[in-house]
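I have placed the structure first, in the form of structure tokens, so that the comments after it can refer back to it.
The values are calculated or read from the model by the stated rules, or taken from the named source; none is laboratory data. Treat the numbers as computed from the prediction; the structure is a model and nothing was measured. Here the Cβ positions follow ideal geometry from the backbone for every residue, glycine too, while neighbour counts run over all protein chains shown. Ligands, DNA and RNA are excluded from the accessible area calculation, which covers all protein heavy atoms including side chains. Shrake-Rupley method; radii C 1.70, N 1.55, O 1.52, S 1.80 Å.
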Amino acid sequence: MTIQYQNIVPWGRSFQEYVDMFKLSDKDLNSSVLGCGDGPASFNYEMTRQGRSVVSVDPIYNLDRDFIEKRIDETYIEVLEQTRENQDKFVWENISSVEELGRIRMDSMKLFLEDFEEGKKQGRYIAGELPELPFEDNSFDLALVSHLLFLYSEQLSLDFHLLAIDELLRVAGEVRIFPLLDLNSRKSIHLDEVIGYLLSQGISVYEEKVNYEFQKGGNTMLKILRD
């Protein structure tokens, strides 16, 4: 079977997953970080508890806490059902089962929900979306894009990817994107063209292996450096 979603779904990941997915060093974590498309991840909450600088941007932050929680509940079962039907596309080592995956994701999303109202008041959760972000030029050292670009290659066009990455490079000196596979664990149809475009613009771009693999073959990120 294939995994199909009509819309991008809210699905939260943890601080440690971000560290592993994006190969984040202490230096990276102590820089000014933008999480783009973070949704209900607990990364912002956990970074803030550690006294670090982070802003998350996502269109769902326009909604109130109760509505986001309702949306999570609506999509949670669908995501787990599709994962269960496509278990062969995933690596069941650090996460041993679909049920454990559900517990881990829900724990992260609960932390987000507890933090959301206060974080929004503090300006840590900002409503916005690619390809136009509500930030000044050079606002951040590092921008992280988790499970949005490339993953939704069928829903988001090549032009969208190029505009989005240009915008990310406007607001941050470095951009990291994970994963480089689509929803069905295939190499994104946009990846080679995106890399070719960036190189043609004189932008440094690297595909780097990371210490994280849940989708089979999904253990590399794209690192983009603005000169």
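Quick notes
- For segment 212-225, the condition holds for no residue, the condition being that it is in contact with a strand residue (DSSP E or B) (Cβ under 6 Å, 6 or more places away or on another chain), of a type in the set (Ser, Thr, Tyr) and open to solvent by 50 Å² or more (accessible area, probe 1.4 Å).
- If the condition is being open to solvent by 30 Å² or more (accessible area, probe 1.4 Å), part of a helix (DSSP H, G or I) and either in contact with a Gly (Cβ under 7 Å, 6 or more places away or on another chain) or closer than 23 Å to residue 215 by Cβ (or both), then segment 90-131 contributes 99, 100, 103, 104, 106, 107.
- Filter result for residue 46 (touching a Leu at 6+ places or on another chain (Cβ under 6 Å), of a type in the set (Asp, Glu) and open to solvent by 20 Å² or more (accessible area, probe 1.4 Å)): no
- When the residues of segment 183-202 are filtered to those that are modelled with pLDDT of 95 or more and open to solvent by less than 30 Å² (accessible area, probe 1.4 Å), the one that is nearest to residue 162 (Cα to Cα) is 194.
- Any hit, segment 20-29, residues being free of Cβ contacts under 8 Å to residues at least 12 places away in the same chain and open to solvent by 80 Å² or more (accessible area, probe 1.4 Å): yes
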